[in-house]
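Each remark here refers to the structure printed beneath this line.
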Amino acid sequence: MFNILSMKIYPLLVLLISIGFVKAQQVDSPKLVVGIVVDQMCYEYLYRYSDKFCEGGLKELMSNGTNCRNTQYNYIPTYTGPGHASIYTGTTPNNHGIVANDWYDRNKKGVINCVEDSTVSPVGTTSSYGYYSPINLKANTITDQLKMTYPNAKVISMSIKNRGAILPGGHLSDGSYWYDYATGNFITSSFFKEELPNWVSEFNDHNYIEKTLKGEWNTIMSIDSYAESGPDDSPYEHLLPGKTTPTFPYNLKEMAQNTNNYELFVYTPFSNTFLTNFAIASIDHEDLGKDDQTDMLCISYSTPDILGHAFGPYSVEVEDMYIRFDLDIKNLIQKLNEKVGENNFTLFLTADHAVVPVPQYLIDNKLPGGYFFVDDHMRRLREATVAKYGEDLVIMQDNLNVYLNYERIAALKLDRVEVSVFVAGVIQEWKSVKRVFTGDQLYNAAIDDEWMDMVRKGYHHAESGDVIFTLEPGYLAKLSDSELARKGTSHGSAYSYDTHVPLLWYGKNVGTAEVFRTIGIPDIAATLAHILYLQNPNSLRGQPILEVLKK
């Protein structure tokens, strides 16, 4: 019974918990939650490559966990920054503010990276790769919520890409680490640490990259068995430095003589192993999952995206990388079982987006798709505004967002909304454009239809453009036409080839099930809030996935 003595003891207990003398315990929560985001993973890879997957890796997650088979992004653009922010905040870019990987900043009069922060200092390097933090993230993450509720919980996040490490770890991370292309080391910024922990410095001293680049990358199985992919020598693939054909084997020692070694390294599947080893080291040295207080480890694998852009989803390179990635997942699960305990951790795996097939491949095979060449269209748009208003009123285009010149519009005593409507009208006439919206429409409108709603959820008035447009299925925006522009691929659209991603749950309190109903990406954080017995993060809009929570 809650009595007078309890009234006196309870405030003291809260104080002791907050300063670390007493550790709060969470009801039936796992000791460690591991979040894995694969940068650019199509849902179908789980099945297309399954015959070559080992036992104990991705098959283990699929067979003995909950497989949400119809998981979709419910906004555009489907890029890395917005994807990671949406997974961990449980909301969409119109709330968390990460509307793209970069955008035009009207105050700075230039394009900024989504995690750029000039007020911090690099830690672990003197290079420019250290000037990053979650300063632009406007909402709390599930990791922030865990730290606010249980200050003794530990949150560690890591990735090759800075945004892949920073956004999942949130504002209260105990350590967010990313790859420095200048040194090949894992680094951080003064937002998180004043100096690198000893274990990170020791890991950096292992010279894994230098040793790797003395060897080669060849297919792990006989190349003749890679029937799930197209020919190895494909006209739709980029050439890596030092290569005259996009084919195996890749003599890394020879190639390293022609490029930045630390950049070449992330174009190999060994980069995934490098990150996996770093994650395993963090479990040991940060004592993750060692007490009754739940910790979180956030891992984002960037090389699938880096290779995917260069080679496309039907390449032998991407297939071989996923076969090797499957072995990394097996190793990670084994180490979690050994170090944390077989029934003491919960893991989820998803992706920040998928990818469109190479549009030139679509064209050559008489499928819908093509290219939107930005420079030519923007020239025509500028000419149209000059003809209409006597001046070029367009500052720039970024991510299919057109930014208008407010100063000149005001000086000419024009109505900004009217100019936006005119620009939208010009754009709507262009072949390959599907829909066009003005910022005013998106800011003030209720849900119009599915397409408008996806654009609206990806729009934030402070970062987004004045006019936003989308392309028809299968189309990619490129600056200008060239043979090089027609190789490789990208993502960012509202179509299923970009929005449909895997979502696997595994471990403590997770049953075995296949879920076919539509799951939204914001539902991941909503589910984690219940697994962790937490208040929902402040801007969360997702719904818990009940099938995961039913043991």
Exercise for the section: Could you go through the stretch 116-127 in sequence order and give the Karplus-derived ³J(HN,Hα) for each residue, using 6.51 cos²θ - 1.76 cosθ + 1.60 with θ = phi - 60°, rounded to whole Hz, and x for Gly and Pro? Expected result: 5, 8, 6, 8, 9, 10, x, 10, x, 7, 10, 7
Problem - Total charge dipole magnitude, the stretch 475-532, about the Cα centre, Cβ charges on Lys, Arg, Asp, Glu only, Debye to nearest 20 - result: 80 debye
Practice task
Give me the number: length gained by fully extending Asp364 to Lys434, i.e. 0.36 nm times residue separation minus the C-alpha to C-alpha distance, one decimal in nm.
Solution key: 23.0 nm
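If I take every Cα pair under 8 Å that is 6 or more residues apart in the chain, average their sequence separation and divide by the length, what percent do I get for the relative contact order?
28 percent
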Handout entry: Chain lengthening between Arg416 and Ser190 when straightened (0.36 nm per residue, less Cα-Cα)
Key = 77.3 nm
Exercise for the section: Counting helices only, and only those DSSP H runs with n ≥ 4, report the 222 nm mean residue ellipticity of the chain as the sum of -39,500 (n - 2.57) divided by its residues, in deg cm²/dmol to the nearest 500. Expected result: -10000 deg cm²/dmol
Handout entry: Simple spin-label estimate for Ala227 and Asp292 in nanometres, 7 Å along Cα-Cβ
Key = 5.6 nm
Fill in the blank from the handout: Highest mean packing first, using Cβ neighbours within 10 angstrom, the peptides 164-171, 378-385, 277-284, 472-479 sort as 164-171, 277-284, 472-479, 378-385
Handout entry: Positive dipole terminus of the chain, leading residue within Ile36, Tyr226, Leu367 (C-beta point charges)
Key = Ile36
Problem - Of Lys388/Lys457; Lys431/Lys487; Lys366/Lys388; Lys253/Lys487; Lys138/Lys330; Lys154/Lys508, pairs whose Cα-Cα distance is over 27 Å - result: Lys388/Lys457; Lys366/Lys388; Lys138/Lys330
Practice task
Putting +1 on Lys and Arg Cβ atoms and -1 on Asp and Glu Cβ atoms, find which of Leu381, Asn444, Gln397 reaches farthest to the positive end of the dipole of the stretch 370-486.
Solution key: Leu381
Practice task
Answer with a single label: of [x] 17; [y] 29; [z] 21, which was calculated as percent of Cα pairs over 42 Å apart from the structure in view?
Solution key: [z]
Exercise for the section: Would you grab the residues whose amide H sits under 5 Å from the one on Ile98? Only those 5+ places off in sequence or on another chain, please, with H modelled 1.01 Å from N. Expected result: Lys138
Practice task
Would you list the membrane-span-like helices of the chain, meaning whole DSSP H runs whose alpha-carbon atoms span at least 15 Å along their axis and whose mean Kyte-Doolittle value is at least 1.0?
Solution key: 4-19, 416-428
Problem - Extension gain (nm, one decimal) between Glu216 and Glu483, 0.36 nm per residue minus Cα-Cα - result: 93.3 nm
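No value in this document is a laboratory result; all are computed from the given coordinates. Since the structure is predicted, the reported quantities are computational estimates derived from the model, not experimental observations. As a convention, Cβ positions derive from the backbone with ideal geometry for all residues, glycine included, and neighbour counts pool all protein chains shown.
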